[in-house]
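Participant: My questions will all concern the structure given below.
Read-outs throughout are calculated quantities, based only on the coordinates presented, and are distinct from any laboratory measurement. Keep in mind it's a predicted model, so treat the numbers as computed, not measured. When we count neighbours, we look across all protein chains shown, and the Cβ atoms used for this are built from the backbone with ideal geometry, even at glycine.
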Amino acid sequence: MDKEKVIELLNKDIQDEHGAIIQYLSHAYGMGEGEMACEIEAMARDEMRHLDWLAETIVELGGVPSLERGTMKMGGASVHDWMVNNVALEQGAITQYKEQIEAIDDPKIKRLLRRILSDEEAHRDDFEHFVEKSHREAMEDVRGTKRDDTIRTLNWGIEHEYTVILQYLLQRYLTPNEDAAEELEDQAINEMQHLGWLAEKVIGMGGTPIIEHIEVDKSTRTADMLSADIKIENEVADAYDQAANKATDAKLKKLFLRLRDNEIYHAEVFGDLLEEEKKSD
């Protein structure tokens, strides 16, 4: 199989891992606190690792990792329905990886896909258990329908965090600057934490987290990447500061201020990297 076809297949895998991450996080948030929700979040982190391994392999092959979101099965009125959908999603992934293992010649890539396959088979088995457990315990969706200005602000924050997670990960894969790559990965992980904090706050205030993103900056020069990152971090730090000033709830105000301070830190780190990058040009 030629390199371009392998890249195409691996990018399809990335898209489906991406879809699984969002599906599982949505379900975990929608279930509220509890052991099962924590286990599903852990599976979402497994899928994040898969995405990372696949993206690195694509870059090694000379390709560009996809940012598209692939197969998702988000329907269902109950947690039981969600778990049935998750079993189906994992079974589809298992079939896809088995087919690719047979079709791809490269032994290193086959080994990686077998590694990922073992996780997906374990996930399927766990979700089959959760199908039974959620039915037995009559578990329900804890998300609410509240849509006031505060919920909209929190969901705007989720949109931002999701966008920069994708942006920083793509940049981390494409930049030749090792220091920048390390920091971009660190800040992407921090933004993942932010997304979780915001989603949990939306649930706690009676709303539903909307996990969607806007257009991602796709600059290819490291200096341009960092300039775009600094711009968005400064804009969002200002927005969180304004949200904190408007907040009347003390805990919500504290959250917005913590997010603001984290974003200011990101902008400063990226600023230092940009100065070093300019010196090396």
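Participant: So what's the net charge close to residue 2: Lys and Arg +1, Asp and Glu -1, counting the other residues with Cβ under 15 Å from its Cβ? Write down the numbers at each step before the final one.
Facilitator: Numbers: positive: 3, 5; negative: 4, 8, 105, 106.
Taking every Cβ under 15 Å from that of residue 2, the sum is -2.
Participant: Find the relative contact order for the chain and round it to a whole percent, using C-alpha pairs within less than 8 Å whose residues are 6+ positions apart.
Facilitator: Numbers: 356 pairs, mean separation 46.1, N = 281.
Dividing the mean separation by the residue count of the chain yields 16 percent.
Participant: Towards the positive end of the charge dipole of the chain, with charges on Cβ (+1 Lys, Arg; -1 Asp, Glu), say which of 65, 168, 82 has the farthest Cα.
Facilitator: In the chain, that residue is 82.
Participant: According to the square roots a ≥ b ≥ c of the eigenvalues of the Cα gyration tensor, what is the shape class of the chain, taking rounded for a/c under 1.5, prolate for a/b larger than b/c otherwise, and oblate for the remainder? Before the final figure, lay out each step's value.
Facilitator: On the way: a/c = 2.54, a/b = 1.04, b/c = 2.45.
Because a/c hits 1.5 or more and a/b fails to exceed b/c, the chain counts as oblate.
Participant: Cβ under 10 Å from residue 18's Cβ, residue 18 left aside: what net charge do those residues give with Lys, Arg +1 and Asp, Glu -1?
Facilitator: Combined, the nearby Lys, Arg, Asp and Glu give -4.
Participant: Count charges around residue 155 for me, please; just the other residues with Cβ under 15 Å from its Cβ, Lys/Arg as +1, Asp/Glu as -1.
Facilitator: On the way: positive: 143, 146, 147, 152, 201; negative: 148, 149, 159, 161, 200, 212.
In short, -1.
Participant: Turning to a different aspect of this structure: Among the lysines in region 3-136, how many pairs, 8 or more places apart or on different chains, have alpha carbons under 26 Å apart?
Facilitator: Qualifying lysine pairs in region 3-136: 15.
Participant: Related question: Over the Cα atoms of region 100-151, what radius of gyration and what Dmax do you get, in Å?
Facilitator: 19.6, 54
Participant: If you average 1/r over every pair of different alpha-carbon atoms in region 123-242 and take one over that average, what Kirkwood value in Å do you get? It would help to have the intermediate numbers written out before the result.
Facilitator: Working: mean 1/r = 0.0613 Å⁻¹.
Hydrodynamic radius (Kirkwood, Cα only) of region 123-242 equals 16.3 Å.
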